[in-house]
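Step one of this worksheet: look at the structure below.
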Amino acid sequence: MTRKIPLLQAHEEGAASPGAEDLLRILDSLDAAVYASDMHSYELRFLNAYGRQQWGEPGGRKCWQVLQEGQSGPCAFCNNPQLLDEQGRPGPAAVWEFRNTQDGRWYQCRDQAIVWSDGRLVRVEIASDITERKALEDALKASHQRVEKLAYRDELTQLLNRRAFFSVCREQLACRRSAEPFAVVLIDVDHFKSINDSLGHAAGDQVLREVARRFRAELRSDDILCRFGGEEFALALPGNSLAAAAELAERLRLALSSRPLAYAGQRFDGTASFGVAAASGDEVDLDTLVRAADQAMYRAKRQGRDRVCTTSGVE
């Protein structure tokens, strides 16, 4: 008859190995929490020195009473069932990350079901504190988000920039239905250089922010507005025909010209010139559409500014 080897003793017969006290000393020296809890009763059977220092003595309590905060029963996130196979036997280890509800720190947990010396199924967890690593990851993520925002947003107006405009428009064109029209409006703020020259660049910046604000107030959530560069704005209107886009451009023109702009106590008129182009069909070339809208915009400027001109031959 095969002799049973007690828990925490050697699993090779006759091999020189540490005894239970030595193994407990090793577990207590680890810079990580190690615990074992009954998978059915949740009784905490073992907690090493690191864990006792963090959460106190087990004292016959259940794991969720010792390790977590405000629990009136087993934790909703407990993964005990995932540690067993279909026959209810110990399965592979599970590694996951978790923010402890009692001390607020992040831990990487390695959980595994084992058979305890008395035959009961026990969950063993090794939990390493990774709070500093998570803080670094969060800082890097926030940094990447800031960089991405700078790459795709105009810092002054918080609109999309030119790069983002082309990227978003191409995504929209790739998923549009073939018969659905697509319109582009190019907008140039009239006499912008004279504002900068007479009132200073701070006044010019304020004008651009106010133009962006007034335009946004007139648009739908799926309209694509960007600062195209300098005093130019671009607007893409998925699903809009040339006539519908021209009507919207007229609303934007009135939103700007109907009320004076103001800076440092001075009030002055603000107007813009609008060029509109639209296309439909299976293939819509964005670059061609933008060039057509640009030509229409310059025609509006040549005809006296503060007006909307549409292109011909694109739609």
Exercise for the section: State whether one or more residues within region 284-295 are buried (at least 17 other Cβ atoms within 10 Å of the Cβ), of a type outside the set (A, V, I, L, M, F, W, C), outside any loop (DSSP other than H, G, I, E, B) and touching a helix residue (DSSP H, G or I) at 6+ places or on another chain (Cβ under 6 Å). Expected result: no
Of (1) over 37 Å from the mean Cα position of the chain (by Cα); (2) within 17 Å of E231 (Cβ to Cβ), L252 satisfies every one except (1)
Those strands (runs of 3 or more DSSP E) completely within region 26-110 that have 1 or more residues that are among the small types (G, A, S) and either in contact (Cβ under 8 Å) with a residue 60 or more places away in the chain or over 15 Å from R123 (Cα atoms) (or both) are 33-38
Just a yes or no: is a residue in region 147-164 part of a strand (DSSP E or B), touching a strand residue (DSSP E or B) at 6+ places or on another chain (Cβ under 8 Å) and at pLDDT below 95?
yes
G119: passes all of (1) assigned by TED's automatic domain parsing to the domain that holds L44; (2) under 22 Å from W96 (Cα atoms) but (2)
*asked:* Condition (residue is among the charged types (D, E, K, R), closer than 14 Å to H40 by Cβ and surrounded by 14 or more Cβ atoms within 10 Å (Cβ to Cβ)) applied to region 123-132: is it met by at least one residue?
replied: yes
Residues in region 182-191 that are in a loop (DSSP other than H, G, I, E, B) and in contact with a strand residue (DSSP E or B) (Cβ under 9 Å, 6 or more places away or on another chain) total 1
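The values are calculated or read from the model by the stated rules, or taken from the named source; none is laboratory data. This structure is a prediction, so every number in the text was calculated from the model and none was measured. Because the Cβ atoms are built from the backbone with ideal geometry, glycine has one as well, and the counts that use them run over all protein chains shown.
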